[in-house]
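See below for the structure under consideration.
The values are calculated or read from the model by the stated rules, or taken from the named source; none is laboratory data. Here the structure is a predicted model, which means the values were calculated and not measured. Here the Cβ is made from the backbone with ideal geometry for all residues, glycine too, and neighbour counts use every protein chain on show.
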Amino acid sequence: MKTLDQIAAALQGYDPQALPVEQVHAFLQALVTTLPATASEAVPLFEALDRVLARDVVSPIDVPAHDNSAMDGYAFNGQALQAPNETTLKVVGTAFAGKAWQGHVQAGECLRIMTGAILPEGLDTVVPQELTRVSDDCITIPANLLKPGDNRRLRGEDLRHNEAALTKGQRLTPAALGLVASLGLPQVQVMRRLRVAYFSTGDEVLSLGEPPREGAIYDSNRYTVFGMLRRLGCEVLDMGVVPDDPVQLEQAFSEAAKQADAVITSGGVSVGEADFTKAMMKKLGDVAFWKIAMRPGRPMAVGRIGQAVLFGLPGNPVAVMVTFLAFVRPALLQMMGCTDAPPPLLKARSLEAMRKKPGRTEYQRGVVMRNAQGQLEVRTTGNQGSGVLSSMVQGNGLIVLHHAQGNVALGDEVDVLMFEGAI
């Protein structure tokens with residue numbers, strides 16, 4: 001396990017007082033380690049949503065198990081097609097899904113068949129029933145309508161026996177749960193839930209239920225952090241609000257580090273704040289304090305206390321959510337062993353001009369929508385102050401203005417990062 005100094009030494013031009021966003025990602029990728037393979041458990045499918053696979057899911061069967069019909073219609077041997085003439089076939093029975101039809105179809109004959117029903121031996125083509133003319137016990141297929149093999153699902157065309165259906169590191173989506181169920185597997189092996197402890201710091205922070213007092217604010221950060229961690233599938237340990245008291249801070253950090261894989265705090269890392277929190281981080285762990293070239297969310301602390309990874313976030317509510325989405329969430333997913341690609345940045349046309357100085361990355365709260373032509377457009381939510389919590393409710397994504405980027409003119413294309421359930 002590398003020390004923070006070793007990680008920093010590997011980053012060219014590392015400057016903790018003006019750290020670009022790209023270097024934050026590189027630093028965190030080197031800092032965090034994935035849970036060991038032994039940290040896994042078998043869970044039923046109903047408990048597996050959003051969990052990370054600890055090993056490949058290998059198909060025990062061919063899917064589908066037999067050649068079958070892709071639609072309701074009539075099955076026959078494709079060699080019977082009389083191109084360029086119509087084809088007339090005699091109907092000799094009906095095949096239903098769920099059981100094999102017993103019988104034999106001769107030349108010049110066909111079988112009425114339902115979607116999903118097994119194709120009997122020798123039959124390889126299905127004509128949709130609505131495309132035929134039916135007369136007595138015969139059907140007529142128009143000329144040049146089909147070719148042999150049409151509307152047939154082949155055995156194993158979805159998955160082959162012993163093929164990996166899902167791979168280690170994937171997060172289990174609703175579609176993935178259905179895929180596992182289609183293989184007849186009642187449970188999957190997943191990584192255990194990541195344990196994350198979190199608390200807010202500061203004498204000015206009130207817990208819900210406390211009476212208001214002059215100069216104090218109610219703690220919103222614990223609830224947004226709780227929500228973001230739960231949506232990520234973490235086991236959350238809420239440690240409340242810790243005042244600016246060295247004894248209580250040391251106890252909170254020590255207890256959190258003993259119980260959790262990661263510890264998240266909000267407040268106490270900005271220049272000019274009471275330095276009890278920073279001093280305790282330094283005392284108990286290997287911690288770096290950054291001024292990130294970004295807005296909002298400039299101050300941040302990262303490191304380790306014992307075996308737990310520490311993320312010290314700023315105190316402003318919007319800055320907490322932006323730094324969590326930009327840095328903490330990817331790091332926690334890495335710890336879980338998740339190998340899914342990060343959410344893509346989308347292109348949208350800006351509906352307003354935005355002032356931006358090169359030399360820092362800015363994350364503006366935005367409302368992304370489609371215009372009448374189906375193109376993505378975006379406008380800001382208005383006031384972009386880091387304490388304007390309502391802007392995170394009004395917005396559905398972040399407008400990402402990159403480090404070297406300057407002012408944005410009306411109509412310019414910008415990158416947007418959608419919240420999509422993360423916040």
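Would it be correct to say that Cys234 is modelled with pLDDT of 95 or more, in the same structural domain as Thr88 (by TED's automatic domain parsing) and either closer than 24 Å to Leu35 by Cα or surrounded by 15 or more Cβ atoms within 10 Å (Cβ to Cβ) (or both)? Show your work before the answer.
Numbers: modelled with pLDDT of 95 or more: yes; in the same structural domain as Thr88 (by TED's automatic domain parsing): no; either closer than 24 Å to Leu35 by Cα or surrounded by 15 or more Cβ atoms within 10 Å (Cβ to Cβ) (or both): yes.
In short, no.
Residues of segment 288-312 that are surrounded by fewer than 24 Cβ atoms within 10 Å (Cβ to Cβ), among the hydrophobic types (A, V, I, L, M, F, W, C) and within 15 Å of Ser254 (Cβ to Cβ): Ile305, Ala308. Only residues that are of a type in the set (A, V, I, L, M, F, W, C) and loosely packed, with under 11 Cβ neighbours inside 10 Å were counted across segment 202-218, and they come to 1.
Just checking, does segment 199-209 include any residue being touching a residue at least 40 places away in the same chain (Cβ under 8 Å) and either among the acidic types (Asp, Glu) or in the same structural domain as Val58 (by TED's automatic domain parsing) (or both)?
Kept after step one, since they are touching a residue at least 40 places away in the same chain (Cβ under 8 Å), are these residues of segment 199-209: 199-203, 205.
Applying the additional criterion that residues be either among the acidic types (Asp, Glu) or in the same structural domain as Val58 (by TED's automatic domain parsing) (or both) yields 203.
Yes, segment 199-209 has at least one match.
Out of Gly406, Gly374, Gly387, Gly359, I need the residue that is surrounded by fewer than 17 Cβ atoms within 10 Å (Cβ to Cβ), in contact with a helix residue (DSSP H, G or I) (Cβ under 9 Å, 6 or more places away or on another chain) and not assigned by TED's automatic domain parsing to the domain that holds Tyr198. Which one? Give the steps one after another, and end with the answer.
Values: Gly406 fails: in contact with a helix residue (DSSP H, G or I) (Cβ under 9 Å, 6 or more places away or on another chain); Gly374 fails: in contact with a helix residue (DSSP H, G or I) (Cβ under 9 Å, 6 or more places away or on another chain); Gly359 fails: in contact with a helix residue (DSSP H, G or I) (Cβ under 9 Å, 6 or more places away or on another chain).
Only one candidate qualifies: Gly387.
Filtering segment 335-356 to residues that are surrounded by 19 or more Cβ atoms within 10 Å (Cβ to Cβ) and of a type in the set (S, T, N, Q) leaves only Ser350.
If the condition is being touching a helix residue (DSSP H, G or I) at 6+ places or on another chain (Cβ under 8 Å), surrounded by fewer than 22 Cβ atoms within 10 Å (Cβ to Cβ) and within 25 Å of Gly312 (Cβ to Cβ), then segment 176-201 contributes only Arg195. Over 17 Å from Asp340 (Cβ atoms) and part of a loop (DSSP other than H, G, I, E, B) - does that describe any residue in segment 165-180? So far as segment 165-180 goes, no, none of its residues is over 17 Å from Asp340 (Cβ atoms) and part of a loop (DSSP other than H, G, I, E, B).
How many residues are crowded, with 17+ Cβ neighbours inside 10 Å, within 30 Å of Ser182 (Cα to Cα) and either among the hydroxyl-bearing types (Ser, Thr, Tyr) or free of Cβ contacts under 8 Å to residues at least 12 places away in the same chain (or both) if we restrict to segment 60-119? Here the count works out to 2.
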